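These notes are about the structure you will find just below.
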Amino acid sequence: MMTKEEIQAYIHRIGIQEIKPPPLQDILFELYKAHVEKLPWQTLDIFAGNLCIFTITPHLLKAI
């Protein structure tokens, strides 16, 4: 689980200055949109300290 400081750092990194208390759906949409716009290739695992291990399979090589 991310600490409050880690969450604040993530929110700041994706360009959201403040989380206001609108309905949850609005908050989630704002977070999703900001994440995709600012960090399109990253996941929250990076901020949580989890390793991201990718296996390149022959099928994936064909797609590249």
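Laboratory data are not the source of any read-out in this text; all were calculated from the coordinates shown. Not measured: the values here are computed from a predicted model.
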From the phi angles alone, apply the Karplus equation (6.51, -1.76, 1.60; θ = phi - 60°) to segment 5-19 and give each ³J(HN,Hα) in whole Hz, x where the residue is Gly or Pro. 5, 5, 5, 4, 5, 5, 4, 5, 5, 8, x, 9, 7, 8, 8
Between Phe29 and Ala48, what length in nm is gained on full extension when 0.36 nm per residue of separation is reduced by their alpha carbon distance? 4.7 nm
